[in-house]
Amino acid sequence: VRKRLSSIPKKSVYKVVLLGDGAVGKTSIRQQYLGKGFKDGYSMTIGADFCVKRVELENMIVTFQIWDLAGQQRFDIVREVYYRGSSGALLVFDVSTPGSFENLPAWLNELTKNNYNRIVPIVLIGNKTDLRGSTPCLPPEAGEQYAASLSQWTGFEVPYLETSAKTGLNVDEAFGLLSKQIEVYLDKYQLRG
Ligand code: G3D
Ligand code: MG
């Protein structure tokens, strides 16, 4: 019996929030991850919505609840509902828009302030890398260095990934990596229920 129980994959539900300036590609990343046939699981009138994706990752069944803010709701009451209880975050900037990189600390502040001053596992995402070569873009080192400083600040590894929601580059990997970071975090702080 024990053997059979141990072969049952673990099931986890993670609330994942997408953070970053308007137009960096948050909704596109989500749509790319969900695939063409995607349908919002639930659409709220308050300006945020979430959808659900169930995947099998390394002998685990993970249900992602992916939350996405519609438009610029930074200063709205919405943000409390949005951030609270998140398991992890994809912190997104657009490599072709330096301002979206400079605003990353403000987004992290938003997250922690509205989530009991708690920092959660993060994957830093430099999106729109398909524009490299045709538009001036921040080099990969910018993202790598910021991720390294975030790792120091948080005390756990913050990986950096370069994505394109247009081509799909590294989009699945971003969610897979975040799931892994969440697992490490839950084990480290023994937060498993
Ligand atoms: P947001 O949800 O963060 O506000 P969106 O951003 O997903 O709405 O994307 C904003 C615009 O950037 C969209 O263009 C979208 O197609 C484009 N975009 C998103 N990701 C990428 C990417 O990886 N590469 C490129 N080249 N464009 C991307 P429109 O023109 O529809 O406003
Ligand atoms: Mg959007």
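Here are the numbers for the structure shown:
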quantity: The stretch 140-159 residues that are under 18 Å from LEU186 (Cα atoms), paired with ones that are open to solvent by 100 Å² or more (accessible area, probe 1.4 Å) (beta carbon under 8 Å, 6 or more apart); calculated: SER151/GLU157; PHE156/LYS188
quantity: Hits in the stretch 6-30 (condition: under 12 Å from the mean Cα position of the chain (by Cα) and outside any loop (DSSP other than H, G, I, E, B)); calculated: TYR14, LYS15, VAL16, VAL17, LEU18, LEU19, LYS26, THR27, ILE29, ARG30
quantity: Verdict on LYS166 being within 16 Å of ligand 2 (Cβ to nearest atom) and either more than 17 Å from the chain's Cα centre (by Cα) or open to solvent by 80 Å² or more (accessible area, probe 1.4 Å) (or both); calculated: yes
quantity: Residue in the stretch 112-136 that is nearest to GLU162 (Cα to Cα), counting only those that are of a type in the set (Lys, Arg) and either under 15 Å from the mean Cα position of the chain (by Cα) or not in a helix (DSSP H, G or I) (or both); calculated: LYS128
quantity: Odd one out for LYS188, checked against (1) touching a residue at least 12 places away in the same chain (Cβ under 8 Å); (2) exposed (fewer than 14 other Cβ atoms within 10 Å of the Cβ); (3) within 18 Å of LEU69 (Cβ to Cβ); calculated: (3)
quantity: Out of PHE93, PHE101, sole residue that is modelled with pLDDT of 95 or more, surrounded by 14 or more Cβ atoms within 10 Å (Cβ to Cβ), assigned to a helix (DSSP H, G or I) and not aliphatic (A, V, I, L, M); calculated: PHE101
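The values are calculated or read from the model by the stated rules, or taken from the named source; none is laboratory data. Predicted model only: the values in this text are computed from it and were never measured. As a convention, Cβ positions derive from the backbone with ideal geometry for all residues, glycine included, and neighbour counts pool all protein chains shown. Note: accessible area is taken over every heavy atom of the protein model, side chains too, but ligands, DNA and RNA are not part of it. Shrake-Rupley method; radii C 1.70, N 1.55, O 1.52, S 1.80 Å.
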